[in-house]
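The values are calculated or read from the model by the stated rules, or taken from the named source; none is laboratory data. Since this is a predicted model, take the numbers as computed values, not measurements. Cβ placement follows ideal geometry from the backbone for every residue including glycine, while neighbour counts extend to all protein chains displayed. For the accessible areas, the whole protein counts, side chains as well, though only heavy atoms, and no ligand, DNA or RNA atoms are used. Shrake-Rupley method; radii C 1.70, N 1.55, O 1.52, S 1.80 Å.
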Amino acid sequence: MCAHPGVGPWGNTGLLVNCVSGTMQSRRWFGGAGFSFADDPVTETLSQAIRGTGEELDREPDTGVLFGSLRGSVVGLRYYTGVVNKGEMVSLVRQPQNPYDRNAVMVANVYGSQVGHIKRELAALLANIMDNNLARVEGVVPFGVKNQFTMSVVLSFWGKEENRDAVVRQITSRSFKLQTGPTGTHTHADTGTLIASSWVISCLTVCLKNAFDNLFENLMEDKIGEREAVEAVCTPLLPHQKQALSWMCVCENNVALPHFWEVKGGLFYNTLTHSSVRERPQRVRGGILADDMGLGKTLTTIALILSNFHHGKPLCEPVSLGGRVNSILISPVNSKSKPNSNYTHPHPFDECIIWCVSQGKSVVSPVEAASSQSTDDPAARATLIICPLSVLSNWLDQLDQHVRADVKLNVYLYYGSERNRDTHFLSSQHVVLTTYNVLSAEYSVSGGWVCGSASPLHTVSWLRVVLDEGHIIRNPNAQQSKAVLKLNTQRRWILTGTPIQNNLRDLWMLVAFLRLKPFDVREWWNRVIQRPVTQGDKTGLQNLQALVKCVTLRRTKTSRVCGRPLVSLPERSVRIEEVELTQKEREEYELARTEGRTTISRYVAEGTVLKNYADVLAILVRLRQFCCHPDLLGKTTTHTAATPAELRERLIVKLRLVLGTGSDEECAVCLNSVRLPVITHCAHVYCRPCIAQVIRSEQEQARCPLCRGQIKASELVEFPLEEEEEGSNLLENWRSSSKVEALMSSLLRLRSEDDSIRSLVVSQFTRFLTILEIPLREEGFKFVRLDGTMSQKRRAQVIQEFQSDAPGSPLIMLLSLKAGGVGINLSAASRVFLMDPAWNPAVEDQCVDRCHRLGQKRDVVITKFIVKGSVEENMVKIQRQKQDLVEKAFGTKNPGERNTSRVDEIRALMEL
DNA sequence: ACCGCCGGGTGCC
DNA sequence: ACCGCCGGGTGCC
């Protein structure tokens, strides 16, 4: 996948491409400490086993650090067509078969055109390093190319620390000089940088997601017209669906290059990569339709298939409009749904040509259309739709529902053991539906060859391939991803509601599928997009946005068309209900607070807040818990610890308390919620993979990112999140609290006003949910509970029960803040009670979105309970500032800022 | 290449 | 002169 099409005379023979398989990943995110997961197979296997799937893992081994760079020259420019501009990156490709020199290293530009060769003596060095996998070599051309014979190139060497010596030795022994030291990239002298950088990374992820969501908000209307579907589609399209159809037709038909291409001096100049090509770049025909769920991606796609056949003409039309019909019934094999008489053999294509009447601006002239398709297989006519098994029947239903009954659309369900594998048969269909499993099964039997012949799906020349739930292919290592890349088609579409799931790495696979040049080649994606963005480079992000923008249409349920919402969602309002503590509670709270303040102010004065972070967190959690219910605190620990071992034990107990409550603590490395938590001997909590990576990259010198204490992999302590055992204890001597009372009175009032309104009661503390069960039962509320400890199956049951409108179904759901993840639908509820504020306001929003979504019929009212004069009030203030902070951190150059803000946050919380 | 290198022509000052 | 010097031909790996 990384080989460029060779242009030089030996370009195609025996290339040993520099991208040693899988080593082209973000070798370091910042400061030399790559935060990607292990290159250590044991760790990788372990974490994989723990998580059940390897999906979240970064499979690409980390290639380590920058050893240094040296200046060399590229020769033989005049023999090749590849052009390079000032500052542009080039790739180095080994040519072991070169008849003049087996050490030959070819230089290619971003578009894979050969530029020249590395000068002989230098090539001998590079060949040695590259062939032995000692380092990865990247080239940048530092100056404009003044003469036509040779040019300078700066080569940088990246590799594993253990190979540094060997590389340096190789270089010096051949009397080249390796420049080391700060070459504009960052060194990791300071752990502060580490934290700050990861903070920036985390902020970037947030910004990225926001940017992604907002990308099309403003641009849509002036750029996209509307287009009616052909008459064969019997369901009228909504305005935003007409826009999508228009956009999709433009994407398929338009010959114009994306806007980041300019014609400059007879060359095609790419404004993203600052590179030029002589040959007209291959254009993407298709894109990513990333509308939110429920906006009608399926219908729009069906409309596209029917409306935009060759040359912008419709595929077929209702019988009443003419056209001969050849009705040979083909039942979908193995179809669980009805064998529908609509699925018949088509009438001959050429006879159903009618110019599509375009309502919008997207008329395609025959000339444009013809020229754009000059190299296409004119016989290709079938659209292949690939989807997860679970939505196969949905496609059949929707085709049935949206296509006029008198249109003889020829749909074949390629599924089941009896499926017809005849490629001529498949090619002659209008639509072939299949699943990712079928596709990858056919493909993976010896790489696209099954039973000695090619996989039928990979043999057919498709007009169009549509990937439904396209985010499924985001892991490029998966068989189904590889299978999908190998399909032979003119147009490519990805339908997805969740285009970015974890990070931008997910996007690469989508870009690669679309063949968005040159980023379908991993090296360029990494060098131009991924590394810059993960290092916090704004230009990188802008490039990414531009890239995404040119191939994606995304509307959310809150997007607007012509000033009107796409879909109208009921109103949503937030009110904060202040809770007054009773006299007794106030006294107890103040006692705890004073004690905590004393401790923390001492840490602040000493500048040791981060060293004692565990302690600080524990104090804060206790105060937060106290605001909900005094019994949440659980057992109090002894306050004096005699030996270091006891101290350690005490800290572990405290951290167990912090994490065991389900509160949302961040890992200081990745700044996401802690996954697979481990505690260091200095009592700081990280995700195991994150801290393991830090330790691995810093080896013996590894220090805790928070307190800079020595850390060792062998000393990391895991704590299993133990089950609630004190539950019974909790319930036996049950007492109420001000917050419990506040909730109950709201719920009772609500029930007396309208007993059909359902509510979500949300807390970060699962123990609090347990406490709440008592008064709910007492008052005769029917409720269900959903928390993180429940099995997937049980969750589904609970959700179904809650969503059901059967008489006697529950009015209330007790929900732990982070249970269930995104995507669960609780639209039966229209009231949300947030019992305690979260550190991260986005988590609260996400939770509310579970009921404020498509399908919600009522206005949604959110009540946040905040104890007056407590940490909670301060948390709310910090929540408000947090969004600003993200913006600031995004642009900040000061690495210390993150630490400062952390301490400031704690000081603000404790009013110090 | 406004170079380096090669090899033929040439040869006091 | 088995040299130096000159100037034309030539040029990636």
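I'm checking my understanding of the structure. Among residues of the range A:109-130 that are over 31 Å from the mean Cα position of the chain (by Cα), outside any helix (DSSP H, G or I) and of a type outside the set (V, I, T), which one is farthest from DNA strand B (Cβ to nearest atom)? Please lay out each step first, then the result.
As a first pass, look at the range A:109-130 and keep what is over 31 Å from the mean Cα position of the chain (by Cα): A:113-130.
Cutting the leftovers down to outside any helix (DSSP H, G or I) gives us A:113-119.
Adding the requirement that they be of a type outside the set (V, I, T) leaves A:113-114, A:116-117, A:119.
Working: A:S113: 19, A:Q114: 16, A:G116: 10, A:H117: 12, A:K119: 11 Å.
Checking each candidate, the answer is A:S113.
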Note to self: Looking only at the range A:603-629, how many residues end up being out of contact with any Ser or Thr (no Cβ under 7 Å at 6 or more places or on another chain) and outside any helix (DSSP H, G or I)?
What the structure shows: 6
Check: Can you spot a residue in the range A:131-138 that is in contact with a strand residue (DSSP E or B) (Cβ under 8 Å, 6 or more places away or on another chain), part of a strand (DSSP E or B) and away from DNA strand C (no atom under 16 Å from the Cβ)?
Finding: yes
Item checked: First in the range A:781-793 and touching a residue at least 60 places away in the same chain (Cβ under 8 Å), second anywhere and open to solvent by less than 60 Å² (accessible area, probe 1.4 Å), Cβ under 7 Å, 6 or more apart -> A:D787/A:T766; A:D787/A:L769; A:D787/A:S816; A:D787/A:A819; A:G788/A:G662; A:G788/A:S816; A:G788/A:A819
Next item on the list: Being in a loop (DSSP other than H, G, I, E, B) and away from DNA strand C (no atom under 16 Å from the Cβ) is the filter here, so list the residues in the range A:142-154 that pass it.
Entry: A:P142, A:F143, A:G144
Item checked: Lone qualifier among A:R675, A:R696 - being farther than 25 Å from A:S816 by Cα and either at pLDDT 80 or above or out of contact with any His (no Cβ under 7 Å at 6 or more places or on another chain) (or both) -> A:R696
Notebook entry, point to check: Restricted to the range A:63-81, and to residues that are out of contact with any Lys or Arg (no Cβ under 8 Å at 6 or more places or on another chain) and on the phi < 0 side of the Ramachandran plot, which residue is farthest from DNA strand C (Cβ to nearest atom)?
Noted result: A:S69
Next item on the list: Can you give me the ranges of the helices (runs of 4 or more DSSP H) entirely in the range A:441-544 with at least 3 residues that are under 23 Å from A:N270 (Cβ atoms), at pLDDT below 95 and open to solvent by 20 Å² or more (accessible area, probe 1.4 Å)?
Entry: none
Next item on the list: Considering (1) modelled with pLDDT under 80; (2) in the same structural domain as A:L541 (by TED's automatic domain parsing); (3) open to solvent by 50 Å² or more (accessible area, probe 1.4 Å), say which one A:L215 fails and leave the rest.
Entry: (3)
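Which members of the range A:63-90 meet the condition of being among the aromatic types (F, W, Y), open to solvent by 40 Å² or more (accessible area, probe 1.4 Å) and either more than 16 Å from DNA strand B (Cβ to nearest atom) or part of a strand (DSSP E or B) (or both)?
Result: no residue meets the conditions.
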Next item on the list: Go through the range A:777-793 and give me each residue that's exposed (fewer than 10 other Cβ atoms within 10 Å of the Cβ) and not in a loop (DSSP other than H, G, I, E, B).
Entry: A:Q792, A:K793
Note to self: For the list (1) over 14 Å from A:A546 (Cα atoms); (2) modelled with pLDDT of 80 or more; (3) assigned to a loop (DSSP other than H, G, I, E, B), I need the number of the one condition that A:L257 fails.
What the structure shows: (1)
